[in-house]
């Protein structure tokens, strides 16, 4: 007696059965994805803010504007980052998710370098700015302990260069209270002891700045009678007495 041979299903029937199985699996996956999307355990529960000093965590959270009923893992973080970076003090923001439902926001703040005069609709005002002229804060009085820059607007093309001149002076140990840019483009600084420093243009400024403290040290007590140091010709600096 010959053994019975199992009949194989036609190819079309096998494909139909496989398609049915795949459809069921896809349906189950979609349902599982839906359940995960609506599961409240993935809704934002905590925001961690680091790197901030001048801007508060509450200000960052308000700017981020992440809804607490939104699945954090389905949220597009790019618009959130842009909203945080729109804060005046924020230069850059980096965001990442932490299981199960926390958002870490790492802030890089702008560094203030100077105070500038900035007229506003409400009247005269002062602005605290960074090296690029970006306004960080405004006030009707200059209460910040940073040098005042005059004669140059924060939005001008030369502002970053002149702000760099401030840093050059600081690197040479010359702390100035004011830095003026004259109509001729020359730099005139005033120290905290009210000593005027005439630098001329900012060519060779590091060398000119390096002369200030040695001259003051050489003058000794006589420096109280000095009104200004003229360093426009660094090979022959001039001491101007009151």
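Taking other C-beta atoms within 10 angstrom as a stand-in for reagent exposure, 159, 117 fall in the order 117, 159, fewest first. Placing a pseudo-label 7 Å from each Cα along the Cα-to-Cβ vector at residue 106 and residue 210 gives an inter-label distance of 3.8 nm.
Each label was represented as a point 7 Å from its Cα along the Cα-to-Cβ direction; for residue 225 and residue 182 these points are 2.6 nm apart. How far is it, in nm, from the label point at residue 153 to the one at residue 69 when both lie 7 Å from their Cα along the line to the Cβ? Reported label-point gap for residue 153 and residue 69 is 4.7 nm. Run the paramagnetic zone check for residue 45: 7 angstrom along Cα to Cβ, then residues of segment 75-119 with backbone nitrogen under 12 Å. Within reach of a label on residue 45: 98-103. Cβ-to-Cβ counts within 10 Å put 89, 96 in ascending order as 96, 89, the fewest first.
Cβ crowding within 10 Å ranks 235, 208 as 235, 208, fewest other Cβ atoms first. Cβ-Cβ distance of residue 238 and residue 193, R₀ of 30 Å, FRET efficiency by 1/(1 + (r/R0)^6): the value works out to about 0.95.
Values quoted throughout were computed directly from the atomic coordinates according to the rules given, and no laboratory measurement underlies them. Treat the numbers as computed from the prediction; the structure is a model and nothing was measured. Neighbour counts run over all protein chains shown; Cβ positions are idealised from the backbone, glycine included.
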